[in-house]
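Novice: Just passing along the structure, written as structure tokens.
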Amino acid sequence: MVTLKNIIKTENDISADYYPEGKEPKGFLRIGLSDTEVIEHIGDPCSMAPAHVRSELIRLSKSDNIPSEKTVLWY
């Protein structure tokens with residue numbers, strides 16, 4: 001589980017703070033909309049959370065109604 005907060009979409013990118021297991025320390029991920037590549041990442045690169053955050057940000061980037069917060073579950 002990872003909680004995304006402060007989800008912001010601009011003309012060029014989409015970003016969010018993320019909280020693995022809903023706890024501190026938080027991470028941050030920003031991806032480009034044109035190529036879906038990671039522009040900026042702050043957090044544990046060995047965690048599974050960034051991959052799930054990236055996938056969810058790509059999915060959300062295609063929507064016109066972006067929530068400010070979202071929880072992503074996987075198993």
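The values are calculated or read from the model by the stated rules, or taken from the named source; none is laboratory data. From a predicted model like this one, the values you see are computed outputs, not experimental measurements. For neighbour counting, all protein chains shown are included, and Cβ atoms are generated from backbone atoms with ideal geometry for every residue, glycine included. These area figures cover heavy atoms from the full protein model, side chains too; ligands, DNA and RNA do not enter into them. Shrake-Rupley method; radii C 1.70, N 1.55, O 1.52, S 1.80 Å.
Novice: Under 7 Å between Cβ atoms, which residue pairs at least 6 apart in sequence (or on different chains) link something in the stretch 42-71 that is on the phi > 0 side of the Ramachandran plot with a partner that is outside any loop (DSSP other than H, G, I, E, B) and surrounded by fewer than 18 Cβ atoms within 10 Å (Cβ to Cβ)?
Specialist: G43/F28
Novice: Identify all residues within the stretch 1-35 that are free of Cβ contacts under 8 Å to residues at least 24 places away in the same chain, of a type outside the set (G, A, S), more than 16 Å from W74 (Cβ to Cβ) and in a loop (DSSP other than H, G, I, E, B); write none if there are none.
Specialist: T10, E11, N12, K23, E24, P25, K26, D35
Yes/no matrix, rows are residues, columns are (1) acidic (D, E); (2) open to solvent by 50 Å² or more (accessible area, probe 1.4 Å); (3) within 12 Å of the chain's Cα centre (by Cα); (4) modelled with pLDDT of 95 or more:
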site: T3; (1), (2), (3), (4): no, no, yes, yes
site: K23; (1), (2), (3), (4): no, yes, no, no
site: G27; (1), (2), (3), (4): no, no, yes, yes
site: R30; (1), (2), (3), (4): no, yes, yes, yes
site: P45; (1), (2), (3), (4): no, yes, no, no
site: R54; (1), (2), (3), (4): no, yes, yes, yes
site: I58; (1), (2), (3), (4): no, no, yes, yes
site: N65; (1), (2), (3), (4): no, yes, no, no
site: W74; (1), (2), (3), (4): no, yes, no, no
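Novice: On to the next question. Residue under question is I39, and the condition is that it be surrounded by fewer than 17 Cβ atoms within 10 Å (Cβ to Cβ) and part of a helix (DSSP H, G or I); does it hold?
Specialist: Spelling it out, it is not the case that I39 is surrounded by fewer than 17 Cβ atoms within 10 Å (Cβ to Cβ) and part of a helix (DSSP H, G or I).
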